[in-house]
Amino acid sequence: MSVEVKSEQEVVFQKRIDAEEKIEPKDWMPEKYRQTLIRQMSQHAHSEVIGMQPEGNWLTRAPTLHRKCILLAKVQDEGGHGLYLYSAAETLGISRDELVKALHDGVAKYASIFNYPALTWADIGAIGWLVDGAAIVNQISLQRTSYGPYARSMVRICKEESFHQRQGYQIMMTLTQGSHEQKAMAQDALDRFWWPSLMMFGPHDAESAHSAQSMKWKIKRQSNDELRQKFIDQSVKQADVIGLKIPDPALKWNTDRGHYDIGEIDWSEFARVIKGDGPCNRQRLQHHNRIHAEGAWVRDAVAAYEAKHKQRSTKAA
Amino acid sequence: MIDKQQLKEFVLRLGDDSLVLGHRLSQWSSNGPFLEEDLALTNVALDYVGRARMFYGYTAEIAADGSTEDSYAYNRDCRDFTNLLIHELPRGDFAFTMARQYLVDEFNLAYMERLKLSRDKTLAAIAEKAYKEDLYHLRRSTSWILRLGDGTTESHDRLQNAIDDLWGYTTELFEMDELDQEMSKANVGVDVASLQPEWIRQVTATLSKATLTVPADDWVVTGGRKGIHTEALGHMLSDMQFLQRAYPGQQW
């Protein structure tokens, strides 16, 4: 048994956390707390940005002008969330360039759900309804996270995400009220996105590598399994309302627990996709890399222009 | 006096211009040189698609034949589209997109300023909104012309090439066919030919400031208003109209 020796600073820090005080950028914090936040916040930011790809893939093919405008605004919101989160992460003393480099090097991760392809228009509905729906359950909980800038960014992000979730659900609802083909399209999207959405909450609590310390520091406020259950309970009812069937033969209401029981999640698939063997892992990262490289001359031009003009104004002065 | 058919055709042209350009801009999503610019480009795209919806909605109202804004976007073929060609050219690199945007922004701002005075109240109201957007668009694209033109050798050359490749499509902005003349005479449309000298003056000033050369007027391609397009438009439509064509008559 190892004996944990805590410095006085650490004791004070934990007391503040226990008293529900927010930790702010200039406050002292354990290095591990800082590193955990950087990992989590950058993963969150990268997810927002990579998540623009599957949806952006349908921007030019949106079926009506109204849908096109909504999707344009939504994808923009996701990019905006990425920006907030990168900025919030920068308060921890790391630059956006370093964070993006970690993504390109494969050190930093993003939500593995975005490694699944958006094949049909119904997938845009399913992504809004389920993927954003799962994200909100997690993010509502994170509004109470202990790090101030992260908690505050969640407040705003949640407002926008709840709009995204409703628009996704509304796409699904419209499809289920449509032709036979449209209904089938909606059911197929649910079939493909249901299990990966459940995996978004991460491994079972017992298997979760980072959970215990994060709960103690109140970076995480609720466990993976608690959050997943909340999402399952709300989604089953929503699917029922629009006449879609959750693709899980073991799904059953458990009166004792007051929750739905589900079948076993295929964790080998989860591990496989995280490891890089999902349907779109290579494309997502290669795309981000390529676009970053293609934009280099633009960023160089901005820097050169600014340098020239700074020089000129110094000379003039 | 202008008749309903003329007004419809005129408004439809403006809708086509807006949609086609908005669509090209939307292709920058997840493709911008950095995240802020990615968002800015899609924001401008959103302005243009929003503008298309207003023009098409008005077209449908004039037609009063059960058509909707989507009928015009999704159920017409290449030859039916009447946008000016400059809007449909593939997005190219960032220099090409910003060069086109700048040339078009200078034009659109002046155009919307006049259209605000249209005797047609709906067009005047749309122009009112579009004018405000164009003020911002022009400020943005002008600053990009300056930064890219006077940035690095590479950015300068890319931008100069883009301007050269676009120049022959700018003449069409100022062409007046019979319909344009009728609409202008009735104080519904805009005398676009009269906008050209000031446009040239502004563009020349900005390009010079950006250390760029104004190309010679030695080639001109026109035809958009007659439905004679570049081959790029058909591909854009096949992408854009896919769902409506594959599953006709459905609600989405």
Cα-centre dipole for the stretch A:199-317 with unit charges at Cβ (Lys and Arg positive, Asp and Glu negative), debye to 20: 1060 debye
Where the centre of each part is set by its Cα atoms, how far does the stretch A:192-225 sit from the stretch B:181-217, in angstrom? 60 Å
About the Cα centre of chain A, how large is the charge dipole given +1 on each Lys and Arg Cβ and -1 on each Asp and Glu Cβ? Please answer in debye to the nearest 20. 1060 debye
Based on the alpha carbon coordinates of chain B, what radius of gyration and maximum Cα-Cα distance (Dmax) apply, in Å? 17.8, 55
Among the listed pairs B:Lys8/B:Lys129; A:Lys22/A:Lys230; B:Lys121/B:Lys185; A:Lys68/A:Lys109, which have their C-alpha atoms separated by more than 22 angstrom in this model? A:Lys22/A:Lys230; A:Lys68/A:Lys109
About the Cα centre, and with charges only on the beta carbon of Lys, Arg (+1) and Asp, Glu (-1), how big is the dipole of the stretch B:1-160? Nearest 20 debye, please. 360 debye
What relative contact order, as a whole-number percentage, does the stretch B:1-152 give when Cα pairs under 8 Å and 6 or more residues apart are counted? 24 percent
Fewest-first sequence of B:Ser18, A:Ser162 by Cβ atoms within 10 Å of each Cβ: A:Ser162, B:Ser18
Rounded, prolate or oblate: pick one for the stretch B:33-140, where a ≥ b ≥ c are the square roots of the eigenvalues of its C-alpha gyration tensor, a/c under 1.5 means rounded, and failing that, prolate if a/b is larger than b/c, else oblate. oblate
Based on the alpha-carbon gyration tensor of the stretch A:148-293 and its eigenvalue square roots a ≥ b ≥ c, which shape applies: rounded if a/c is under 1.5, prolate if not and a/b is larger than b/c, or oblate? rounded
Under the definition of Cα pairs under 8 Å and six or more residues apart, what whole-number percent is the relative contact order of chain A? 18 percent
Loop by DSSP (not H, G, I, E, B), at most 15 other beta-carbon atoms within 10 Å: where is the longest site-free stretch of chain A for GluC sites (Glu not before Pro)? A:22-263
Against the 2.2 N^0.38 Å scaling, with N counting residues, where does the protein assembly as shown land? I'd like the Cα-based Rg ratio to two decimal places. 1.09
Ranked from fewest to most other Cβ atoms within 10 Å of their own Cβ, A:Ser95, A:Ser47 fall in the order A:Ser95, A:Ser47
Going by a ≥ b ≥ c, the root eigenvalues of the Cα gyration tensor, does the stretch A:158-206 fall in the rounded group (a/c under 1.5), the prolate group (a/b larger than b/c) or the oblate group? oblate
Cα atoms only: what Rg and Dmax, in Å, come out for chain A? 21.6, 79
With no solvent and one equal point scatterer placed on each C-alpha of the stretch B:126-190, evaluate the Debye formula and give log10 I(q)/I(0) for q = 0.17, 0.19, 0.21 Å⁻¹, two decimals. -0.84, -0.91, -0.97
In whole angstrom, note down how far apart the Cα centers of the stretch A:1-75 and the stretch B:36-88 are. 38 Å
Return the single residue from A:Cys69, A:Cys158, A:Cys280 with maximal mean-square fluctuation; model: Gaussian network over chain A, springs between Cα atoms under 10 Å. A:Cys69
Considering only the other residues whose Cβ falls under 9 Å of the Cβ of B:Leu19, what net charge follows from Lys and Arg at +1 and Asp and Glu at -1? 0
Rg/Rg_globular for the stretch A:111-171, with Rg_globular taken as 2.2 N^0.38 Å and Rg from C-alpha atoms: 1.21
Please list, or write none, the aspartates and glutamates whose alpha carbon is within less than 16 Å of the alpha carbon of A:Lys159, excluding same-chain residues fewer than 8 places away. A:Glu48, A:Asp77, A:Glu78, A:Asp132
Just to check, using Stokes-Einstein with a Kirkwood Rh over alpha carbon pairs, what's the diffusion coefficient of the stretch A:72-176 at 20 °C and 1.002 mPa s in µm²/s? 144 µm²/s
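Throughout, read-outs are computed from the coordinates displayed, never taken from laboratory work. None of these values were measured; they are calculated from a predicted model. With ideal geometry, Cβ positions are generated from the backbone for all residues, glycine too; neighbour counts draw on all protein chains shown.
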